[in-house]
Amino acid sequence: MTLSEEARERLADVVELQPTKNSELQDRWGMESGSEVHQYLEGELGDYYFRDDNSLIRATAEAADLVDVEPGIETDPDEEGAPSRIRVPERQAQIVEVLAGPDERSESVVSVLHKLRDRFDVDHDAEDVRSDLQSLRRKDVVEVEYRTVPTFRLAVSRDDLEVSVSD
């Protein structure tokens with residue numbers, strides 16, 4: 001199957017963002033709906049992606065080789081659990097820097113938002129921060145604890161995680 005330049009770029013997004021959801025790809029690709037993303041995946045990239053047991057979108061090994069993009073997560077083959085290296089958008093990298101560690105009390109989205117504003121002098125939307133926390137959760141880097149509201153903390157020590165920013 002020969003891919004167009006657009007399909008190759010979008011496949012690179014799948015490799016980079018995996019595990020991901022339709023909504024993340026919808027935002028990245030500027031599409032109107034998750035259905036449109038699904039149709040594109042099936043029509044253009046059907047041979048290069050699959051859905052895991054949690055219905056998250058992942059690229060095949062062939063896809064990763066084809067687009068020559070570093071995967072969004074890498075796990076030490078000798079260890080189970082959280083990845084040892086992640087490649088994420090800048091805001092997610094900032095969240096990893098400020099989020100409570102694995103031995104600290106988990107914190108709300110609003111708390112993380114205030115830390116981001118204080119540390120990086122940025123003004124993100126709370127819904128964007130919530131979405132990023134959930135994306136990091138799907139990558140097994142963040143865990144959630146349900147109290148009155150969902151609260152978050154790192155699932156892995158910052159010392160054991162290498163974070164790089166994707167374009």
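The values are calculated or read from the model by the stated rules, or taken from the named source; none is laboratory data. None of these values were measured; they are calculated from a predicted model. Every residue, glycine among them, receives a Cβ derived from its backbone with ideal geometry; neighbour counts consider all protein chains shown. Each accessible area value is taken on the protein alone, full model and side chains, heavy atoms only, with ligands, DNA and RNA left out. Shrake-Rupley method; radii C 1.70, N 1.55, O 1.52, S 1.80 Å.
So, Glu127, is that one open to solvent by 40 Å² or more (accessible area, probe 1.4 Å) and not β-branched (Val, Ile, Thr) or not? Taking the combined requirement at face value, the residue satisfies it. Considering the conditions (1) over 17 Å from Asp159 (Cβ atoms); (2) touching a residue at least 24 places away in the same chain (Cβ under 8 Å), Ala93 is excluded by exactly one of them, (1).
Which of the residues spanning region 139-155 are surrounded by fewer than 18 Cβ atoms within 10 Å (Cβ to Cβ) and either under 14 Å from Ile73 (Cβ atoms) or among the hydrophobic types (A, V, I, L, M, F, W, C) (or both)? Correct list: Asp140, Val144, Val149.
So is Val122 out of contact with any strand residue (DSSP E or B) (no Cβ under 8 Å at 6 or more places or on another chain), at pLDDT 95 or above and surrounded by fewer than 18 Cβ atoms within 10 Å (Cβ to Cβ) or not? For Val122, the condition - out of contact with any strand residue (DSSP E or B) (no Cβ under 8 Å at 6 or more places or on another chain), at pLDDT 95 or above and surrounded by fewer than 18 Cβ atoms within 10 Å (Cβ to Cβ) - is met.
Considering (1) touching a Lys or Arg at 6+ places or on another chain (Cβ under 6 Å); (2) free of Cβ contacts under 8 Å to residues at least 12 places away in the same chain; (3) not basic (Lys, Arg), the lone condition that Val109 does not fulfil carries the number (2).
Looking across region 1-32, the residues that are open to solvent by 40 Å² or more (accessible area, probe 1.4 Å) and of a type in the set (Ser, Thr, Tyr) come down to Thr2, Ser4, Ser23. Only one entry of Arg105, Arg158, Arg117 meets the criterion of being open to solvent by 70 Å² or more (accessible area, probe 1.4 Å), modelled with pLDDT under 95 and farther than 23 Å from Gln26 by Cβ, and that entry is Arg158.
Of note, Val110 does not satisfy the criterion of being among the β-branched types (Val, Ile, Thr), assigned to a helix (DSSP H, G or I) and in contact with a strand residue (DSSP E or B) (Cβ under 6 Å, 6 or more places away or on another chain).
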